[in-house]
Amino acid sequence: MQGGAGPRAGTSKGGVRELVWGYLESSGLAERPRPVHGRIPNFKGSHQACCSIKELDAFSRASVIKVDPDKPLEGVRLAVLQARKTLLVPTPRLRSGLFNRIVPPSGATKEILRICATSQGIKEYSVPVGLDGKVRVDLVVVGSVAVSEKGWRIGKGEGYADMEYAMMVSMGAVKEETPVVTIVHDCQVLDIAEELLDDHDLTVDYILTPTRTIKTNCERPKPQGIIWHKVSYEILAKIPILKSLRYKEKQTGKDVTLQDEHPDLANANKSAALNEKARPGNTRPQAAMGSAQMGQQYVESDSLSPRLEGSGTITTVYVGNIPPSVRVSELKYALREFHATPLKVNWQGAQHRAFLDYKDKAAAESAVSSLKGLSLGGNTLRVELAKNQRNKGQVEINS
């Protein structure tokens, strides 16, 4: 804490986190869930700090407020619901989308609103918001492990808050002037060396503690969108909604080259792939998202051979929730973009579905993983292994 008792900032982000977590625990300031290590830490006085948000003009003006699901932000979520504003909460680890909107039952009592603000309430009273929901967020509230009075923030190290913000920029959900608020204990306000920050790190405009409201007047720019050359295939696999955003941005002509595809990494990836092939008894999982395998899968699925058709090993993937406006050509293009090109497509647009044939179960499961979270025409598609593995009337993907 600047000018008082508390942890002293470290020389790395990890060092700062360990200092803050250790100090909260040793000083008796930590609250459940514990230990606070590895988390956005809950602390004594968090509800008091959260209540201060109601005094901000930015809160009064806001209609739609995005609040992270961390425990110390529970009071902010309650304040949003009590003010009858729209509350958006990111989906856990961004696995099934970006936002959930919390919708309390009609005539909800104060107690019900309190439940809605908890992690359990987020599960019970939420509805997903799709990529094409035209969401405009007026205020962003994030948790932090440490923050400086200049507005420089350190999270718990997984990068989800930074990615959430970058995704909101890509969606057009936030603007450069959209205020960002964080809630911390006074001891979490530290001097942070600017060299610890990267261009993808989110900065904050307001810091609320149990005793202070700090306007940072931060001059460091916030992320301008997703920095694709820092995104790997592994991250793309973990956050399926990124695939849809990448697909959209590629259609607009933006450079969406991934970290794995970057020119200075190409030779290293090629060498690694050759070494992997040469290794005896190679048992690399089919779901691995390395660029070498992705390219191999794309080539292998160019056309259907008679030998494969009669082999009985073909596995079918079901794709549902296809909007009436989407044409088969759009689906085919998306399949190629996500390196999930099948041997054949059985297009059933009138039933809002399609069936995709792959050469074996491993290829089909890899395709399901790649296509998870894909959004077309405003709908997030339902993608899973089909119950019936063979369907008649297939149309070739290259037709």
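The values are calculated or read from the model by the stated rules, or taken from the named source; none is laboratory data. As the structure is a computational prediction, the values presented were derived from the model and not from experiment. Reconstructed Cβ throughout: ideal geometry from the backbone, glycine too, with neighbour counts over all protein chains shown. SASA here: full protein model, heavy atoms, side chains in, ligands and nucleic acids out. Shrake-Rupley method; radii C 1.70, N 1.55, O 1.52, S 1.80 Å.
Each peptide among 171-182, 317-328 gets the average number of other Cβ atoms lying within 10 Å of its residues, and from highest to lowest they stand as 171-182, 317-328. Distance cut-off 23 Å, Cα to Cα: go down the list 85/134; 156/238; 71/222; 222/372 and report the pairs above it. Table pairs above 23 Å Cα-Cα are 71/222; 222/372. Heavy-atom accessible surface of residue 37, to the nearest 10 Å², is about 80 Å², with a 1.4 Å probe and all protein chains retained. The residues packed around residue 175, meaning those with a beta-carbon under 11 Å from its beta-carbon, carry a net charge of -1 if Lys and Arg are +1 and Asp and Glu are -1. Around the amide H of residue 143, modelled in the peptide plane, lie the amide H atoms of 68, all under 5 Å away and 5 or more residues distant in sequence or on another chain. The Cα center of the range 199-263 and the Cα center of the range 5-73 differ in position by 22 Å.
A crude spin-label estimate for the pair residue 387 and residue 220, with each label 7 Å from Cα along the Cβ direction, gives 5.4 nm.
Scalar couplings 3J(HN,Hα) for the range 101-116, obtained by applying the Karplus form with A = 6.51, B = -1.76, C = 1.60 to θ = phi - 60°, are 9, 7, 10, x, x, 4, x, 4, 6, 4, 5, 5, 4, 4, 5, 4 Hz; x denotes Gly and Pro. About its Cα centre, the dipole of the range 36-173 is roughly 180 debye, where the only charges are +1 on Lys and Arg Cβ and -1 on Asp and Glu Cβ. The protection proxy used here, the mean number of other Cβ atoms lying within 10 Å of each residue, ranks peptides 236-242, 193-199 as follows, highest first: 236-242, 193-199. Each Cα pair under 8 Å and six or more residues apart adds its separation to the average, and for the range 82-240 the resulting relative contact order is 23 percent.
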